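Every number here is computed from the coordinates shown, using simple stated rules; none is lab data. Everything numeric here is computed off the predicted structure, so don't read it as measured data. A quick note on method: Cβ atoms are made from the backbone with ideal geometry, for glycine too, and the neighbour counts reach across all protein chains shown.
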Amino acid sequence: MKTLKNHLILFDAECPMCRIYTRAFVKSGMLDSDGRMAYQEVSTQDCPVLDRQRAINEIALFNRETGEVTYGVESLFKIFATSFPMLKPLFLWRPFLWLMSKIYAFISFNRRVIIPATSANDRFELQPTFKLNYRLAYLFFTWLLTSVILASYGRLILGLLPEGPLYREYLICAGQILFQGASVRMINKGRSWDYLGNMMTISFGGAILLFPMIFLGQWLHFHPFFYASWFLIVVVLMLLEHIRRTKLLGLGWLLTCSWILYRILVILLILLNS
């Protein structure tokens, strides 16, 4: 594997995801051993042409020899094209570049709600730009996949819960977004979109933990109580993660209480209408 020499990738020091994958570039030999640095630590003299706001939105790659800076998916493709030259034509193909730039932006502008910073306090002056369209896209994406998985999982616990229409889980997940959205706006309106993004990450993460049971359920026909027990374990894990994330956001316990209340109301409505 060829190393991209004399380049420095500038990551966001407050982003756990950024720290992980840039460290992987160095450890795998794709970049020099000193080929990564938090952009917050780079002085203006070291990189005078760096667009600092853009660098926090799209990861920057600085050429130490020429002073050139690339951003976002172009930075990543430059690293990969050096290590895997056979992929370079693909990285230069405009339709692929356009598609990957959209996927990169989707992840980058939602990275703080996918993996939150370890502190609720923003230590640095510059913070990622908030893009409402990408946050709405993220909420829709996680709502859709979570609903699909939950609808499939519901078939494994028939008998314990009554069978409902196929769209029931879609309405429940959408209702949770609306219910919690109204709740967070009453508590801290400025954190609404951050909270909803984190909440849907938790929901999607819980759905992912349920997915293996859906796969196994095609061959291993356990009693519905077994699948319901696993579901309750996942709910507890989601609850703990919800508590952790709301604490990081400085939102206290009320949103966790409303999150539990919504789930209780949903179960009561299902049982009353059965």
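Taking the chain as the reference, fit the longest principal axis to its C-alpha atoms, fit the long axis of helix 73-83 to the helix C-alpha atoms, and give the angle between the two in degrees, 0 to 90, nearest 10.
With both axes taken from Cα atoms, the answer is about 70 degrees.
Using DSSP to call loops (not H, G, I, E or B), can you name the trypsin sites (Lys or Arg not before Pro) in the range 1-95 whose Cβ has at most 15 other Cβ atoms within 10 angstrom?
Numbers: sites: LYS2, LYS5, ARG19, ARG23, LYS27, ARG36, ARG52, ARG54, ARG64, LYS78; in loops: LYS2, LYS5, ARG64.
Taking the range 1-95 and a limit of 15 other Cβ atoms within 10 Å, the loop trypsin sites (Lys or Arg not before Pro) found are LYS2, LYS5, ARG64.
Apply the a/c threshold of 1.5 to the C-alpha gyration tensor of the range 1-148 and tell me whether it is rounded, prolate or oblate.
Working: a/c = 1.80, a/b = 1.22, b/c = 1.48.
Here the range 1-148 falls in the oblate category.
Using helices alone, I'd like the mean residue ellipticity at 222 nm for the chain: each DSSP H run of four-plus residues gives -39500 (n - 2.57), total over residue count, nearest 500.
-20000 deg cm²/dmol
Counting other Cβ atoms within 10 Å, which GluC sites (Glu not before Pro) in the range 44-74 have at most 12 and lie in a DSSP loop?
Working: sites: GLU58, GLU65, GLU68, GLU74; in loops: GLU58, GLU65, GLU68.
Passing sites in the range 44-74 are GLU65, GLU68.
Checking the a/c ratio against 1.5 first, then a/b against b/c, what shape does the Cα gyration tensor give for the range 62-114?
Details: a/c = 2.16, a/b = 1.25, b/c = 1.73.
Oblate shape, in that a/c is at least 1.5 and b/c is the bigger or equal ratio.
Just want to confirm a number: the relative contact order over the range 1-145, from Cα pairs under 8 angstrom separated by 6+ residues, in percent. Before the final figure, lay out the partial values.
Details: 185 pairs, mean separation 37.4, N = 145.
Here the relative contact order equals 26 percent.
For the range 129-156 and the range 159-184, what is the separation of their C-alpha centers, rounded to whole Å?
Cα centroid of the range 129-156 versus Cα centroid of the range 159-184: 12 Å apart.
On a 0 to 90° scale, report how tilted helix 254-272 is relative to the longest principal axis of the chain, with both axes built from alpha carbons and the result rounded to the nearest 10.
It is inclined by approximately 40 degrees.
Going by alpha carbons, how many degrees (0 to 90, nearest 10) lie between the helix axis of 168-188 and the longest principal axis of the chain?
The angle comes out near 70 degrees.
Taking Cβ-Cβ under 4.7 Å as the only way to count a partner, pick out the unpartnered cysteines of the chain.
So, CYS47, CYS173, CYS257.
To the nearest 20 Debye, how big is the dipole of the range 38-142 about its Cα centre, given +1 on the beta carbon of each Lys and Arg and -1 on that of each Asp and Glu?
Values: 12 positive and 9 negative charges, 92 e Å.
About 440 debye.
I'm spelling it out carefully: the read-out is Cα extents along the principal axes in Å, the candidates are (1) 49, 43, 39; (2) 57, 38, 36; (3) 70, 45, 30, and one was derived from this structure. Which label?
Answer label, from the structure shown: (3).
In the structure displayed, which of LYS5/LYS247; LYS88/LYS247; LYS102/LYS189 lie more than 32 Å apart, Cα to Cα?
Values: LYS5/LYS247 42 Å; LYS88/LYS247 44 Å; LYS102/LYS189 28 Å.
Exceeds cut-off: LYS5/LYS247; LYS88/LYS247.
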